[in-house]
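I have placed the structure first, in the form of structure tokens, so that the comments after it can refer back to it.
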Amino acid sequence: MNLYPLGKALCTVVLKPFYRIKVLGLENFPKDKGVLLCTNHIDNLDPPVVGLTAPRPVHFMAKEELFQLPILKSVLPNVNAFPVKRGLSDRQAIRKALELLRSGQVVGMFPEGTRSKTGELGKGLTGAGFFALKGDAYVMPCAIIGSYRPFKQLRVIYGEPIDMTPLRERKASAEEATEVIMSAIQQLLEKNR
């Protein structure tokens, strides 16, 4: 049973007023084709916040350990999350993400791989670049700015899609593609602080 619409509605009612969420750049969000949505990671609530602000359903990779917790193991697959083994080349998660992108879905990912303890953007892992080069999808940077303090404004900013064509044509490395993505996220953070 797909609980995504219900989850989005509940998160909108609870989180949006509590964190005074403001969304910018929705006009940049592609309406067709697959989208690799890459954002900074500052809190455990980032996935539901991105999910409630994005105009299309988002499929998130989530660390495999979450799928072993009693309640989450039944809820996560029903809110478009799928497991990934961190630190390994997880072929099943790779296939699933590429399949979603190629079928025109939105895959959300946090290229840093873990939450930032300082709020500053960390180094991106090459997985983001790999999917950007192989996914045949739009690559969209997103920035979450603010703190998750009650009634303090939290902003979610969707940047313009990154044209990966030149990198794909010259067979750039996943590391180089990741640097381009992280640079776009950093620019959104700096421009909107």
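Which percentage, to the nearest 5, of the DSSP beta bridges contained in the chain is antiparallel? All intermediate terms of the calculation are to be shown ahead of the outcome.
On the way: 5 of 25 bridges.
Beta bridges within the chain, antiparallel portion: roughly 20 percent.
Measuring with a 1.4 Å probe in the full set of protein chains, what accessible area per residue, in whole Å², belongs to the stretch 61-175?
Values: 6480 Å² over 115 residues.
Accessible surface, normalised per residue, equals 56 Å².
For Lys73, give me every one of the lysines with a C-alpha distance below 16 angstrom, ignoring sequence neighbours fewer than eight places off in its own chain.
Filter leaves Lys63, Lys85.
Output wanted: per-residue J couplings in Hz (rounded whole) for the stretch 149-158, from phi through Karplus 6.51 cos²θ - 1.76 cosθ + 1.60, θ = phi - 60°, x for Gly and Pro.
With the stated coefficients, the stretch 149-158 comes to 9, x, 6, 9, 5, 10, 10, 10, 10, 9 Hz.
Which value, in nm² and rounded to one decimal, describes the direction-averaged projected area of the C-alpha convex hull of the stretch 43-102? Working shown, then result.
Numbers: hull surface 18.6 nm².
That works out to 4.6 nm², a quarter of the Cα hull's surface.
May I ask you to give the percent of accessible area on the stretch 61-193 that is carbon plus sulfur, with a probe radius of 1.4 Å? Intermediate results must be reported in sequence, preceding the final value.
Values: 3870 of 7450 Å².
Summing carbon and sulfur atoms, their accessible area is 52 percent of the total for the stretch 61-193.
Given contacts defined as C-alpha pairs under 8 Å and at least six residues apart, what's the relative contact order of the stretch 1-105, whole-number percent?
Numbers: 87 pairs, mean separation 38.1, N = 105.
Across the stretch 1-105, relative contact order equals 36 percent.
Could you give the distance between the Cα centres of the stretch 101-144 and the stretch 44-83, to the whole Å?
Using only Cα atoms, the two centres lie 15 Å from each other.
Could you give the Stokes-Einstein D for the stretch 48-193 in µm² per second, using the C-alpha Kirkwood radius, 10 °C, 1.306 mPa s? Write out the running numbers ahead of the final one.
Values: Rh = 16.2 Å.
This corresponds to a translational diffusion coefficient of 98 µm²/s.
Can you compute the charge dipole magnitude of the stretch 1-51 about its Cα centre, using +1 on each Lys and Arg Cβ and -1 on each Asp and Glu Cβ, nothing else charged? Give it in debye, rounded to the nearest 20. Mind dumping the intermediate values first?
Numbers: 6 positive and 4 negative charges, 31 e Å.
Value, rounded to 20: 160 debye.
Restricting things to alpha carbons, find the Rg to Rh ratio for the stretch 26-70 using the Kirkwood radius for Rh. Could you put the intermediate results ahead of the total?
On the way: Rg = 12.4 Å, Rh = 12.3 Å.
My calculation of the ratio gives 1.01.
As I understand it, the dipole of the chain uses +1 on the Cβ of Lys and Arg and -1 on the Cβ of Asp and Glu, about the Cα centre. Which of Phe82, Cys142, Gln187 lies farthest toward its positive end?
Toward the positive end, the furthest listed residue is Phe82.
Using the Cα centre of the chain as the reference point, and only Cβ charges (+1 on K/R, -1 on D/E), how large is the resulting charge dipole? Debye, rounded to the nearest 20.
Working: 27 positive and 18 negative charges, 92 e Å.
Dipole of the chain, to the nearest 20 debye: 440 debye.
What does the net charge come to around Phe82 if you take all other residues with beta carbon closer than 14 Å to its beta carbon, with K and R at +1 and D and E at -1? Let's see the in-between values first.
Numbers: positive: Lys63, Lys73, Lys85, Arg86, Arg91, Arg95, Lys96; negative: Glu64, Glu65, Asp90, Glu99.
For residues surrounding Phe82, the net value is +3.
Given +1 on the Cβ of Lys and Arg, -1 on the Cβ of Asp and Glu, and no further charges, what dipole in debye does the stretch 132-193 carry about its Cα centre, rounded to the nearest 20? Kindly include the intermediate steps, with their values, before the conclusion.
Numbers: 9 positive and 8 negative charges, 79 e Å.
With Lys and Arg at +1 and Asp and Glu at -1, about 380 debye.
Measuring from label point to label point, each 7 Å out along Cα→Cβ, what is the Arg193 to Arg56 span in nm?
Here the answer is 3.2 nm between the modelled labels.
Using DSSP to define loop residues, name the chymotrypsin sites (Phe, Trp or Tyr not before Pro) in the stretch 136-169 whose beta-carbon has at most 13 other beta-carbon atoms within 10 Å. Can you show the working numbers first?
Numbers: sites: Tyr138, Tyr148, Phe151, Tyr158; in loops: Tyr148, Phe151.
For chymotrypsin sites (Phe, Trp or Tyr not before Pro) across the stretch 136-169 that sit outside H, G, I, E and B with at most 13 neighbouring Cβ atoms in 10 Å, the list reads Phe151.
The values are calculated or read from the model by the stated rules, or taken from the named source; none is laboratory data. Model, not experiment: these values are computed from the prediction. Reconstructed Cβ throughout: ideal geometry from the backbone, glycine too, with neighbour counts over all protein chains shown. Surface accessibility is based on the protein's heavy atoms, side chains included, excluding ligands, DNA and RNA. Shrake-Rupley method; radii C 1.70, N 1.55, O 1.52, S 1.80 Å.
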